[in-house]
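Below: one structure, written as structure tokens.
The values are calculated or read from the model by the stated rules, or taken from the named source; none is laboratory data. The structure presented is a predicted model; accordingly, all values stated were derived computationally and were not measured. Using ideal geometry, Cβ is built from the backbone for each residue, glycine included, and neighbour counts are taken over all protein chains shown. Note: areas computed on protein heavy atoms with side chains; ligands, DNA, RNA excluded. Shrake-Rupley method; radii C 1.70, N 1.55, O 1.52, S 1.80 Å.
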Amino acid sequence: MEATTQERGRGRGRRWLARASLAAAAAAVLVLAGFAGVRTFALLGAGILGTAVTAAAVWWVLSRRGTVRYLALLLALAAPVWLLVEYARAHLVWVVLVSGGLWLLAAGAGRAALGPRSAPAPMPEAAAPAFHRAVLIMNPRSGGGKVERFGLRARAEQLGADVVLLEGPESVDVAALARERAAAGADLLGVAGGDGTQALVADVAAEFGLPFLVIPAGTRNHFALDLGLDREDPSKALDALRDGVELRVDLGRAGGHPFVNNVSFGAYAAVVQSPAYRDGKTRTTLDLLPDLLLGHKGAELTARVGEREVTDPQALLVSNNPYGAHDIAGLGRRTRLDGGILGCVGVRVTSAAQAAGLLRGARSTGLTTATATTVVVDADQESIPVGLDGEALRMDVPVRVEVRPGALRVIVPRQRPGTYRERPPLDWRGVTDLALAWRRPRDGN
């Protein structure tokens, strides 16, 4: 009886949130209509035009050089300024701000009303085993020296782990080192470094069936981010050695090489091959992109994503589990890492109009999104540049990309910031139906 009363209370709360959402949306429209009058349509038209012009200008910045690039940059900066000036001249800035605030309120209330019914479930957790011979490989140069700055070695040894530092100027075969320690009896492998190094050690851990510990001591550490780890303080990842839980996570492979995040082909993969990229990422990207985007350089790619074919994309990104549905660049976050599926995003833009069309997201003609368990990438060249978790490689075609479901036993702290949960698209029809449901239906009706 008490549970039923609580359910009815939550139902009433959601219905009132839905009504508040519709009321705020209506108020946003009324503010525009009441204070802008017939200028409402001009206001909306100017906003759409300014956004499209800005997107087109950004495309010209990326795809042109010299004077055209600088003029496009000025246009990209001037379009939003022009929009604000026009609103100010019409004394409508406050109208836009109030209306925008009401729309945000409407969206927030609508999501709160529908959110509990559609929130994705977190990845299942299991109790972590006790570790007696944990081996942690640490790169002291990674992330600008995070290993030393956060005292990772001392803390790990205090918790009973055996730390192996990648010291010296010569390169080290990290995978071979991890395999040697695993064969010698390690019962956990971990690594403090970037995503590329994480993938190498993770592959060995999966090979031996050992738990794997991620210490986000690199620059970006997208894998750690999607695991819910604290990237601001990598030492907190070591808490998993004394109070951890185990997650079963997928592992990707491309051309026989492991990856934990994604593998890229086309424009971005070609850019990271440049020797100048490491020392000047922005400058090198701007210098190389025009030829890559306009088709003067680079291989012509074809990708088979399951039963679907993606023809001649300028850039192709294949990820270990799909990124958020609303992230057209495919560089955001993943809701789960245990779906047993690859996400694929292909981009082909050949004009400013198509660049502006990317604002439509998944409906854009220049964007292809798909999922599959296997992706095969072919080209009109014998080998192609590949970006594997940000590391530059070159692979013979065809390149087969696949996912190994649940191959990795990842150990994470029980207490961590939390994994990403993508907010579902706001369903206004659902909000309306919920708002108009004035009474709870009886059972059986």
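Data overview
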item	result
Environment charge of GLY340, counting only residues whose C-beta is closer than 15 Å and scoring Lys/Arg +1, Asp/Glu -1	+2
Surface accessible to a 1.4 Å probe, GLU167 within the full protein complex, Å²	110
List PHE223, PHE208, ordered by accessible area with a 1.4 Å probe, largest first	PHE208, PHE223
Three-way shape call for segment 126-267 based on the alpha-carbon gyration tensor, with the a/c threshold at 1.5	rounded
Extended-chain gain in nm, criterion 0.36 nm per residue less alpha-carbon gap, ASP338 and PHE208	44.9 nm
Virtual paramagnetic centre 7 Å along Cα→Cβ of GLU125, amide N under 15 Å, in segment 209-245	227-230, 237-245
Surrounding net charge for ARG409, when Lys and Arg each add one and Asp and Glu each subtract one, Cβ distance under 9 Å	0
Mean accessible surface per residue for segment 191-264, computed with a 1.4 Å probe while every protein chain stays in place, in Å²	27
Restricting segment 173-261 to trypsin sites (Lys or Arg not before Pro) in coil, as DSSP defines it, with at most 14 other Cβ within 10 Å	ARG242
Highest to lowest packing among 158-166, 193-201, scored as the average C-beta count within 10 Å	193-201, 158-166
Ranking by accessible area, most exposed first, for HIS132, HIS257 with a 1.4 Å probe	HIS132, HIS257
Packing rank of 19-25, 427-433, where each peptide gets the mean count of other beta carbons within 10 Å, highest leading	19-25, 427-433
Förster radius 51 Å - calculated FRET efficiency between LEU84 and ALA176 (Cβ-Cβ, nearest 0.05)	0.30
14 Å beta-carbon shell around LEU71, net charge (K/R +1, D/E -1)	+3
Using a Förster distance of 45 Å, the FRET efficiency for LEU30-ARG308 (Cβ separation, nearest 0.05)	0.50
